[in-house]
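Notes follow the structure.
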Amino acid sequence: MTFTSPTGGLLAGFDAGQTHTRCRLSQRDGRVVAEGEGSGVSHLGSEQGPERFRQALQSSLEAARRQGGLALEPLAAAAIGASGIEQDSPTQRLGTDLARQALGLEAVLVTGDERTALAGAFAPGQAGISLISGTGAIALGQNEQGRQHRCAGWGWLVDGVGSAMDIGRDGLAISLRMVDGRLPETGFKAALWQALGVQQAHELKALVVDPGFGAAGFARLAPVVHQQALTGDAHAQSVLEHAGDELAAMVIGVAEALELEAPALCCSGGAISHLSLLRQAMDRLLLERLPGLRHVQPQGDACDGALRLAQALSN
């Protein structure tokens, strides 16, 4: 990426993920001047959540300033996208307060990463749907009047449908049915248990309830499920078929709520990008229910979306 030199107060756009946070800086006219990467975040409601959030913003901003030689340039506005931030919630208010403290800035917007992804994918006033399927999954769309609607993504414990987490968890559930005789055992069980390094059901039970396992622990099994499906295992194929149907249902729900008959769809996230059978299952149902749907490439990524939101704050 080519960076230009800023002439005034900078805009900052953050994409805050669990493993790392990206910060992109631009001039008010949208020209990117620097980018840096810092530490990751966890849910703001967790014990270390607030401190990790502050550190992520500060470390990624510092890295971007260092990359662009911008140590003394003031910020005009900033927008941050992070998972688990619901509109008009106490979590959003907490995140906003933390971001203002961390950045020393009043003009701050903290929102869900699905909203920065949508803002990056489509221009204001352009109708479309953004689908994210990674560790979690969510669909968010907008119509030409700017009205938005979301489907799914209400937390992995109750609504992880269509995600890598759900694929891994559903696979493990099938493996337990195999081990106690409810289903005939296949190589599917052995592949999953080998990936986790367990040999007994009680070991698996202890592993998955450990606080450090969580959604990411289940999600890392999704590629194993996919590989087993590619080799012809019917159980693995059924897991991916179900997950694909759920993703399609999310897109259909958004399209119907916004009355989008032939929507443009941008897909992102590790699961939908790398698990080909998941994408195929989703597309089969979408072709049947939304024959006018078009897959399109996003105009920009979540950092670009955050910069667009920051620009609106600074106007």
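For the subset of the range 56-83 comprising residues that are farther than 14 Å from residue 11 by Cβ and charged (D, E, K, R), which member is most open to solvent (accessible area, probe 1.4 Å)?
For the range 56-83, the residue satisfying everything is 66.
When residues of the range 127-163 are filtered for being at pLDDT 95 or above, open to solvent by 10 Å² or more (accessible area, probe 1.4 Å) and touching a Phe, Trp or Tyr at 6+ places or on another chain (Cβ under 8 Å), how many remain?
1
Go through 247, 285, 293, 258 for me and flag whichever is at pLDDT 95 or above, under 13 Å from residue 163 (Cα atoms) and not small (Gly, Ala, Ser).
Values: 285 fails: under 13 Å from residue 163 (Cα atoms); 293 fails: under 13 Å from residue 163 (Cα atoms); 258 fails: under 13 Å from residue 163 (Cα atoms).
Checking each option against the conditions leaves just 247.
Among the candidates 176, 183, which residue alone is in a loop (DSSP other than H, G, I, E, B), at pLDDT 95 or above and open to solvent by 20 Å² or more (accessible area, probe 1.4 Å)?
Result of the check over 176, 183: 183.
Listed here are the residues, each with its yes/no results for (1) over 21 Å from the mean Cα position of the chain (by Cα); (2) not in a loop (DSSP other than H, G, I, E, B).
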| position | (1), (2) |
| --- | --- |
| 14 | no, yes |
| 18 | no, no |
| 44 | no, no |
| 63 | yes, yes |
| 76 | yes, yes |
| 85 | no, no |
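Given the condition under 23 Å from residue 132 (Cα atoms) and either under 24 Å from the mean Cα position of the chain (by Cα) or charged (D, E, K, R) (or both), answer yes or no: does some residue in the range 98-108 qualify?
no
Do you know which residues across the range 153-173 are in a helix (DSSP H, G or I) and without any contact (Cβ under 8 Å) to a residue 24 or more places away in the chain? Show your work before the answer.
Taking the range 153-173 and keeping what is in a helix (DSSP H, G or I), we get 164-173.
Residue satisfying the conditions is 173 alone.
Do we have any residue at all in the range 253-268 that's hydroxyl-bearing (Ser, Thr, Tyr), open to solvent by 10 Å² or more (accessible area, probe 1.4 Å) and within 30 Å of residue 76 (Cβ to Cβ)?
Yes.
If you go through the range 204-227 one residue at a time, how many are surrounded by 13 or more Cβ atoms within 10 Å (Cβ to Cβ) and under 30 Å from residue 48 (Cα atoms)?
Total satisfying the criteria: 14.
The values are calculated or read from the model by the stated rules, or taken from the named source; none is laboratory data. Here the structure is a predicted model, which means the values were calculated and not measured. Cβ: placed from backbone, ideal geometry, glycine included. Neighbour counts: every protein chain shown. These area figures cover heavy atoms from the full protein model, side chains too; ligands, DNA and RNA do not enter into them. Shrake-Rupley method; radii C 1.70, N 1.55, O 1.52, S 1.80 Å.
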